[in-house]
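Scroll down for the structure; my scribbles are underneath it.
The values are calculated or read from the model by the stated rules, or taken from the named source; none is laboratory data. Since the structure is predicted, the reported quantities are computational estimates derived from the model, not experimental observations. In this analysis, Cβ positions are derived from the backbone assuming ideal geometry, glycine residues included, and neighbour counts consider all displayed protein chains. Calculation scope for accessible area: heavy atoms of the full protein, side chains included, ligands and nucleic acids excluded. Shrake-Rupley method; radii C 1.70, N 1.55, O 1.52, S 1.80 Å.
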Amino acid sequence: MNKIYVVGIGPGAYEKMTIEAAEVLRNSDTIIGYTVYVDLVKEHFPGKNFLTTPMKKEVDRCVLAFEEAQKGHVVSMICSGDTGVYGMAGLMYEVGTRYPEVELQIIPGVTAALGGAAVLGAPLIHDFCLISLSDLLTPWEKIESRLLHASEADFAICLYNPSSKKRKDYLMKACDLMLQHKSPDTVCGTVAYIGREGENVQVMTLKELRDVKADMFTTVFIGNSQTKNIDGHMVTPRGYRDV
């Protein structure tokens, strides 16, 4: 049976890719992905056949992977972070129903929430949730409801896709919603270009986060009511006693 590996390449740097992911890519004939992600791995896997599609061509990208696998090639479909967290794993399974002779194997990777958390300190040490602010595939009304309920439940929250050229005020809108249930002094942080050239980290309050400029390469962290700023690091206590 032909096989496609769906590979999470981590936040960007080759060193943050898992050993398993690197080994799978090394043994692949063809590596397929969004142009930006292929550019991140190209230099580390010379001699491979690289195929790309632009943003909003995700279904075409999946079909391309299955067609290549049917030719007998060892194929890897790559995603940034983890392929099962806002990645391509789910869509590959959906498209894969048309190609029953092709087997899928999912190779996990370090998602931005974990890569960014390590840069900030320990913001996600207790219960937390991930919410994408992109309304391309999810109605804003549903995103708004998730933000409100997660804030009311005092989760630490990690935001993906906080802003874009078409959504310049979405992070501000999200902060206004979270401020209905969280203190303005809630410790927050941002990490841009995790594991890549230009990596940038900031720690601030929720009130200050409201006016921060972010983009699609920025991951945003909002603490819970117990989160602290310890020497510039964002730390959410787990609740251990006698500390």
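Listed here are the residues, each with its yes/no results for (1) within 18 Å of ILE222 (Cβ to Cβ); (2) open to solvent by 40 Å² or more (accessible area, probe 1.4 Å); (3) touching a residue at least 12 places away in the same chain (Cβ under 8 Å); (4) over 16 Å from the mean Cα position of the chain (by Cα).
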| residue | (1), (2), (3), (4) |
| --- | --- |
| GLN105 | no, yes, yes, yes |
| PRO108 | no, yes, yes, no |
| ALA113 | yes, no, yes, no |
| HIS126 | yes, yes, yes, yes |
| GLU141 | no, yes, no, yes |
| SER145 | yes, yes, no, yes |
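Which one is farthest from the chain's Cα centre (by Cα), of the residues in segment 171-187 that are charged (D, E, K, R) and closer than 15 Å to LYS228 by Cβ?
Only one residue tops the list, namely ASP185.
Return a yes/no flag: does segment 14-22 have any residue that is loosely packed, with under 12 Cβ neighbours inside 10 Å and at pLDDT 95 or above.
Checked against the condition, which is being loosely packed, with under 12 Cβ neighbours inside 10 Å and at pLDDT 95 or above, segment 14-22 yields at least one hit.
Could you please give the count of residues in segment 141-170 that are closer than 22 Å to LYS228 by Cα and either outside any helix (DSSP H, G or I) or touching a His at 6+ places or on another chain (Cβ under 6 Å) (or both)?
10
Applying the selection to segment 57-79, what residues are open to solvent by 40 Å² or more (accessible area, probe 1.4 Å) and in contact (Cβ under 8 Å) with a residue 40 or more places away in the chain?
GLN70, GLY72, HIS73, VAL74 - these are the residues of segment 57-79 that are open to solvent by 40 Å² or more (accessible area, probe 1.4 Å) and in contact (Cβ under 8 Å) with a residue 40 or more places away in the chain.
So the check is Cβ under 8 Å with 6+ separation or different chains; which pairs have a first residue in segment 148-167 that's free of Cβ contacts under 8 Å to residues at least 40 places away in the same chain and at negative phi and a second one that's small (Gly, Ala, Ser) and surrounded by fewer than 23 Cβ atoms within 10 Å (Cβ to Cβ)?
Pairs that qualify, where the first residue is free of Cβ contacts under 8 Å to residues at least 40 places away in the same chain and at negative phi and the partner is small (Gly, Ala, Ser) and surrounded by fewer than 23 Cβ atoms within 10 Å (Cβ to Cβ), are ARG167/SER134.
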